[in-house]
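Read the structure below first, then the notes.
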Amino acid sequence: MVHLPKKPTLHLLWAAFEEQQGDIKEARRILKTFQLVVPGMAMVLLRRVSLERRSGELVQAEALLREAVELHQGTPLSSFFAIKLSRQLLKVQKNLAKARKVLLEAIDGDKENVKLYLNLLELEFSCDVRLNESNILHCFEQVLLSSLPLEIKIIFSQRRVEFLEDFGCSVRSLLHAYDEHQKLLKQNSNKKRAAENGLEEPEEKKVRADEGVVVSAPAAVAATTASSTALATADSSSSSSSSQAAYNYSAWYQPYGSYGYQNPWNYSQYYPHS
């Protein structure tokens with residue numbers, strides 16, 4: 001690759017070929033060298049992690065992710081790699097305690113990252129929910145005490161009510177969660193009413209200086225409602241449907257492109273059919 005030292009696709013293909021031939025050492029060298037030439041590419045780092053995992057070097061895979069978390073501290077990439085690390089620890093190494101610690105530390109440094117809370121919630125749900133109720137409720141509590149937008153808090157609050165309805169051991173906790181949820185709904189209703197009456201300018205109301213167009217308050221409120229509705233999953237009357245609605249995380253996960261992580265798993269590109 002003398003003439004194309006900065007072409008990621010070719011280097012990833014080359015490393016994949018060497019790994020397929022059984023030359024793990026050469027594949028490792030190719031990826032590491034390319035990362036030194038073009039630092040900061042998430043997909044190259046993750047390909048190195050995958051290579052180490054497939055070759056059984058779990059300690060090295062974990063070390064690479066931890067290094068990435070530290071390197072990008074204070075940026076969204078740090079949270080991105082923290083999520084990857086926690087999944088590695090939970091799903092591959094079966095170490096729940098270490099996975100939880102990674103996410104909690106990431107939340108301390110990025111308190112407004114919804115994806116971190118969702119992954120923590122998913123982690124806690126991987127245990128016996130009856131035995132792990134306190135940790136699950138603590139996760140909900142972290143969100144409700146955070147500075148996240150009210151619309152996000154309402155969604156998590158609704159999920160807390162549904163969780164306690166489906167799996168909770170105390171009716172007192174359920175009633176308390178329900179009361180708190182009603183307070184949030186009332187707060188949101190008052191906020192919308194104030195915006196509609198012109199007493200409070202909604203965040204979505206933007207002034208386009210170049211065209212002199214102002215978004216009306218009712219339209220902004222409608223946009224807010226549509227946005228929050230897109231995040232929330234539909235409620236269901238049956239318990240099975242309710243469980244699916246309550247813990248459907250797919251609506252929350254945005255494309256990895258927001259992290260500069262372009263086209264990460266296009267297998268037809270990196271692993272062409274023979």
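The values are calculated or read from the model by the stated rules, or taken from the named source; none is laboratory data. Model, not experiment: these values are computed from the prediction. Note: ideal-geometry Cβ built from the backbone for every residue, glycine included; neighbour counts use all protein chains shown. Accessible surface areas use protein heavy atoms only, side chains included; no ligands, DNA or RNA. Shrake-Rupley method; radii C 1.70, N 1.55, O 1.52, S 1.80 Å.
The condition (being surrounded by fewer than 19 Cβ atoms within 10 Å (Cβ to Cβ), over 17 Å from the mean Cα position of the chain (by Cα) and not in a helix (DSSP H, G or I)) is satisfied by just one residue among L148, L131: L131. Of all residues assigned to the stretch 46-66, at least one qualifies as being hydroxyl-bearing (S, T, Y) and touching a residue at least 12 places away in the same chain (Cβ under 8 Å). Can you say whether H181 is surrounded by fewer than 16 Cβ atoms within 10 Å (Cβ to Cβ), assigned to a helix (DSSP H, G or I) and not aliphatic (A, V, I, L, M), as far as the supplied structure shows? Against the criterion (surrounded by fewer than 16 Cβ atoms within 10 Å (Cβ to Cβ), assigned to a helix (DSSP H, G or I) and not aliphatic (A, V, I, L, M)), H181 does not qualify.
For the structure I just gave you, tell me whether V69 is touching a Ser or Thr at 6+ places or on another chain (Cβ under 8 Å), not acidic (D, E) and not in a loop (DSSP other than H, G, I, E, B). Yes, satisfied.
Taking each residue of the stretch 150-163 that is closer than 16 Å to E112 by Cβ and looking for partners that are part of a helix (DSSP H, G or I) and small (G, A, S) with beta-carbon atoms closer than 6 Å, six or more apart or interchain, yields E151/S228. For the residues L96, L144, the requirement of being among the aliphatic types (A, V, I, L, M) and farther than 26 Å from V59 by Cα singles out L144. Could you tell me which numbered condition T75 fails, if it satisfies all but one of (1) among the hydroxyl-bearing types (S, T, Y); (2) open to solvent by less than 20 Å² (accessible area, probe 1.4 Å); (3) modelled with pLDDT under 95? Here T75 meets the rest and fails (2).
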